[in-house]
Amino acid sequence: MENQIIPDEIIMSKIFYIRGQKVMLDSDLAELYGVETKRLKEQVKRNINRFPERFMFELSRQENELLRSQNATLKKGEHSKYLPFFFTEHGILMLSNVLKSESAVQVSIRIIDVFVRLREVYAEQTEVWLAIEKIKSKLDNQDKNMEIVFRYLDELIDKKDNQPPRKAIGFKPDGF
């Protein structure tokens, strides 16, 4: 995909949510950068001090099997026999430094732009959810208030029904 504008949809389809982070798989990044996965991993290993766990992590065997079983894009035999690396947004930025090509820099910029857009969309959704929760809370309070009002009305009706009829007071003309 070198020297092409990569559509956002393609990049988004390669972003996973693992260990509470948005990450991208080493083989997907290698494809986007136009290099072999093996070469990408070699560069990472040569510069491992640039990739702390908050930038990049390797899946455990159990996580890898679970991910393969849940995701059709990670079929057995189609990916490396080695455990994959997953890169966070910061790790992707660091990759452009260790791959040292203009193409890698441009691809990293595109990927980071998508990560930023995803963050913005998530923030907007969060605001909408908070507004919905606020409305729900108000409705719940109104429901509780209405419940109290109806309970008092029921109590008043019960009191009225349980009281003996009141004796009329005042003047009664004959025949009434």
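Neighbour counts of C-beta atoms inside 10 Å place V121, V44 in the sequence V121, V44, starting with the fewest. The alpha carbons of the chain stretch over 115, 33, 28 Å along the principal axes, in descending order. For the set K45/K100; K14/K38; K22/K136; K38/K100, the pairs lying more than 22 angstrom apart at their alpha carbons are K22/K136.
Listed by number, the DSSP H helices of the chain that run 15 Å or longer by alpha-carbon position along their axis and have mean Kyte hydropathy of at least -0.5 are 89-99, 102-162. Dipole orientation for the chain: of the candidates P7, P164, N145, P164 has the Cα lying most toward the positive pole (charges on Cβ; Lys, Arg +1; Asp, Glu -1). For the stretch 8-125, the dipole from Cβ point charges (+1 on Lys and Arg, -1 on Asp and Glu) about the Cα centre works out to 480 debye, to the nearest 20.
The relative contact order of the chain, computed from alpha carbon pairs under 8 Å that lie at least 6 residues apart in sequence, is 21 percent.
Close amide-amide hydrogen proximity is noted between I18 and V23, each under 5 Å apart and 5 or more residues distant or on a separate chain (H modeled in the peptide plane; Pro and chain starts excluded).
We did not get these values from a lab; they are worked out from the coordinates using the rules stated. Fair warning: this is a prediction, and the values are worked out from it, not measured in the lab. Cβ sites come from the backbone with ideal geometry, for glycine too, and all protein chains shown count toward neighbours.
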